[in-house]
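Throughout, read-outs are computed from the coordinates displayed, never taken from laboratory work. Values in this document were obtained by computation on a predicted structure and should not be read as measured data. Here the Cβ is made from the backbone with ideal geometry for all residues, glycine too, and neighbour counts use every protein chain on show.
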Amino acid sequence: MDRLIAPGIWQIDTELGGWPELNAVFLVEGRRPCLVETGPQRDSTRVLDALARRGVGPSDLAYIVLTHIHLDHGGAVGEVSRQFPNASVVCHPKGLRHLADPTRLVAAAGLVYGDRLDSLYGRMTPVDPDRLKGAEDMQELDLGSGRLTLVDSPGHAKHHVAILDQSSGVLLVGDAVGVKVPGGGPLRPAMPPDDFDRELAISSLHKFAALNPSQIVLTHFGPAGEPQAVLSEAETTMRRWCEVAEHAFSEEPSIDHIESALLERVFEPAEDPGRQPVVDTLNGFTSNAAGMHGWLVRRRDRPAGAGG
Ligand SMILES: [Zn+2]
């Protein structure tokens, strides 16, 4: 279902895995409209149908912006960009080469998701390199009747940007603030492998707070509540989960041990039991434990004096 979340901003449900209210893409209308996220390859038809329904013709779309290149956010970028030949494809500079050649990205996702890669997400096809543009921090995109600001926001991944709509103040934060799906329990931090970094993630939250957005909108899923309260909850929760992981890591530096500690100390069940597998599939404890384990290993092994 399409939902108008602010003047000129449509939230489109990709129905990832057949589940409603789990994964979104956003259409920012304008004389030069912009699609933020494409969803996974498996959902490309639903996204293309929604754009047609909203009256976006093949030559209309000016930009496709990905908050980051994980497959639930950008897996359909090859299919969608082919249908909109005038659209520039914008992502963090560190993600560009993977959009031109997704082989390694898809292989890495295969290691994380196994059999579910094809049933849930699909893969990714390349984007013509001539159409790719790297997002600079605080760069503006002119939509003809409005402007977006791209906000470098590493932490969840090093290739993450958020998108601020200047007229409404809505901040589309991708996964940088976490995941909270209706009925699925409280806000969870999203700390997957391979490059989760707590300090970067928290400075990105502070950067968002300083922008004073009117709304924080999660790709998983939708407007999250009073912005400063959401950002402070995200920081508190992330610090708490990382503390539990650090303690577990000091006892036994394994992903399994971190995961057990998280399940024992921070797990809060979904209000709607039917939503538990949904949130766990997208942002489970194994993935978060693995992401924090990687961060702790890199921190332990960093040469003395490397700082940070
Ligand atoms: Zn992600």
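Average the reciprocal distances over every distinct pair of alpha-carbons in the stretch 101-186, invert the result, and give the Kirkwood radius in Å.
15.7 Å
Can you tell me the Rg and the Dmax, both Å, for the Cα atoms in the stretch 1-118?
Looking at the stretch 1-118, its Cα Rg and Dmax stand at 13.8, 42 Å.
Going by how many other beta carbons lie within 10 Å of each one, how would you line up Val179, Val77, fewest first? Walk me through the numbers before you get to the answer.
On the way: Val179 20, Val77 28.
With the fewest neighbours first, Val179, Val77 line up as Val179, Val77.
Around Ser167, which amide H atoms from residues at least 5 apart in sequence, or from another chain, sit under 5 Å from its own amide H, with H modelled in the peptide plane?
Residues meeting the amide H criterion: Arg147.
Which FRET efficiency value, to the nearest 0.05, is calculated for Asp256 and Thr281 with the Förster distance at 22 angstrom and r the Cβ-Cβ distance?
My answer for the efficiency is 0.70.
In what sequence, highest mean first, do 20-26, 244-250, 264-270 appear when ranked by Cβ atoms within 10 angstrom?
Highest mean packing first, the order is 20-26, 244-250, 264-270.
In what sequence, highest mean first, do 30-43, 99-112 appear when ranked by Cβ atoms within 10 angstrom?
Working: 30-43: 24.2, 99-112: 16.0.
Packing proxy ranking, top to bottom: 30-43, 99-112.
Report the gain in length on full extension from Leu263 to Arg82: 0.36 nm times residue separation, minus Cα-Cα distance, nm rounded to one decimal.
Stretched out fully, the Leu263 to Arg82 stretch lengthens by 60.9 nm.
Which of Ser168, Ala209, Ala224 sits farthest toward the positive end of the charge dipole of the stretch 149-226, with +1 on the Cβ of Lys and Arg and -1 on the Cβ of Asp and Glu?
After comparing all options, I get Ala224.
Across the stretch 2-237, what fraction of all alpha-carbon pairs, as a whole percent, falls in each successive 5 Å bin from zero upward?
1, 7, 16, 21, 23, 18, 11, 4, 0
What length, rounded to one decimal in nm, is gained on full extension from Ser119 through to Ser232, with 0.36 nm per residue of separation minus their alpha-carbon distance?
Values: separation 113, 0.36 × 113 = 40.68 nm, distance 3.55 nm.
That works out to 37.1 nm of additional length.
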